[in-house]
Amino acid sequence: MKQRPQNWNHLLIDSVMFIAFLITTAPSFSGLAIHEWLSLALAGMIITHLLLHWQWIVTIGKRLFAKTIWRSRLNYLLNALLFLAFTITVATGVLMSREALPLFGITLPRDRTLEILHRQASDLTVIILGLHVAIHWSWIVGMFRRIWPLRKPTRQPAVAQLEEVRQ
């Protein structure tokens, strides 16, 4: 079996994470059980994503305050904020779980502060993820163009086109 290049694996994982994230941002659409379980699965996917990019994280982290291009520095800081916002979202979501935790016999009292923090962290995650996608847009488009290349229509001489119309 032919092995896929690393970028294809990254695109596949990133696409699945993005779709899962879109579904989890609408619990009224998916239902609370799917929202909670998919969020936990998404947390696992994000850990996988971080492990796949660990070398980049370490390399840019070492050069963050040294000589490096501004785009890498911005990307690193944005990713750190995204990780923090998502971690707060997941942690508060777990603490107020009504579907996943009770299956393990764990129930916690409802806390309005957790709900507010969960919503605010979730909203912030959506905004930062939008910026994350914007920064990586050219890579995303390039990868999709490799999957589905645009075929330019073949041009026929005008005479050949006229003959086709007459027939």
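Taking the conditions (1) of a type outside the set (D, E, K, R); (2) over 18 Å from LEU40 (Cβ atoms); (3) touching a Lys or Arg at 6+ places or on another chain (Cβ under 9 Å) in turn, VAL133 satisfies each one other than (3). Flag not set for LEU131, criterion: over 21 Å from LEU22 (Cβ atoms) and free of Cβ contacts under 8 Å to residues at least 60 places away in the same chain. The residue list THR59, THR87 contains one member that is within 26 Å of HIS35 (Cβ to Cβ) and surrounded by fewer than 16 Cβ atoms within 10 Å (Cβ to Cβ), which is THR87. Put simply, of LEU108, LEU124, LEU38, LEU103 the only residue that is surrounded by 13 or more Cβ atoms within 10 Å (Cβ to Cβ), over 30 Å from PRO5 (Cα atoms) and without any contact (Cβ under 8 Å) to a residue 24 or more places away in the chain is LEU108. Does region 8-15 contain at least one residue that is over 13 Å from the mean Cα position of the chain (by Cα), closer than 21 Å to TRP137 by Cβ, at pLDDT below 80 and not small (Gly, Ala, Ser)? Among the residues of region 8-15, at least one is over 13 Å from the mean Cα position of the chain (by Cα), closer than 21 Å to TRP137 by Cβ, at pLDDT below 80 and not small (Gly, Ala, Ser), which makes the answer yes. Remark: pairs (first residue in region 70-83, farther than 15 Å from LEU50 by Cβ; second residue open to solvent by less than 70 Å² (accessible area, probe 1.4 Å) and outside any helix (DSSP H, G or I); Cβ separation under 9 Å; 6+ apart in sequence or on different chains) = SER72/LEU64; ARG73/LEU64; LEU77/LEU64.
Among the candidates LEU95, LEU101, LEU81, which residue alone is closer than 22 Å to SER28 by Cβ and at pLDDT 90 or above? Exactly one residue qualifies, and that residue is LEU95.
The values are calculated or read from the model by the stated rules, or taken from the named source; none is laboratory data. None of these values were measured; they are calculated from a predicted model. Virtual Cβ from ideal backbone geometry, glycine too; neighbours counted across all protein chains shown. Only protein heavy atoms, including side chains, enter the accessible area calculation; ligands, DNA and RNA are left aside. Shrake-Rupley method; radii C 1.70, N 1.55, O 1.52, S 1.80 Å.
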